[in-house]
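Quick notes on the structure that follows.
Any read-out appearing in this document is the output of simple, stated calculations on the displayed coordinates, not a laboratory observation. If you're wondering where the values come from, they're calculated on a predicted model, not measured in any experiment. Every residue, glycine among them, receives a Cβ derived from its backbone with ideal geometry; neighbour counts consider all protein chains shown.
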């Protein structure tokens with residue numbers, strides 16, 4: 001098989017770029033469900049990111065002298081539970 005020339009590659013790149021720019025996505029393009037395992041992995045990643053954000057927010061709140069009780073109420077648990085989970089070891 002003969003390798004394409006640079007001019008052929010550029011021509012194909014231009015053709016693909018034009019096709020992409022002219023594409024009108026449909027709802028079906030955005031609604032494909034994730035495979036179940038990928039959905040679980042994505043949910044776990046999002047949970048980990050949210051836990052990290054919460055831990056950082058609690059650290060800032062403690063630096064601002066908010067009580068463990070206030071923080072517990074804010075996230076729907078007790079102050080003692082928040083203290084145990086988010087106190088640096």
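A few comments on the model shown:
- Mean separation of Cα contacts under 8 Å (6+ apart) over length of the chain, as relative contact order %: 14 percent
- Given the choices (1) 1.24; (2) 1.39; (3) 0.92, Rg/Rh (Cα atoms, Kirkwood Rh) derived from the coordinates of this structure is entry (2).
- Modelled label reach - residue 23, point 7 Å along Cα→Cβ, the stretch 30-44 residues with backbone N closer than 11 Å: 30
- Judged by the mean number of other Cβ atoms found within 10 Å, the most tightly packed of the peptides 62-68, 4-10 leads the ranking 62-68, 4-10.
- Helix axis angle, 36-63 relative to the chain longest principal axis, alpha carbon, degrees: 40 degrees
- Protection proxy ranking of 21-34, 69-82 - average other beta-carbon atoms within 10 Å, highest first: 69-82, 21-34
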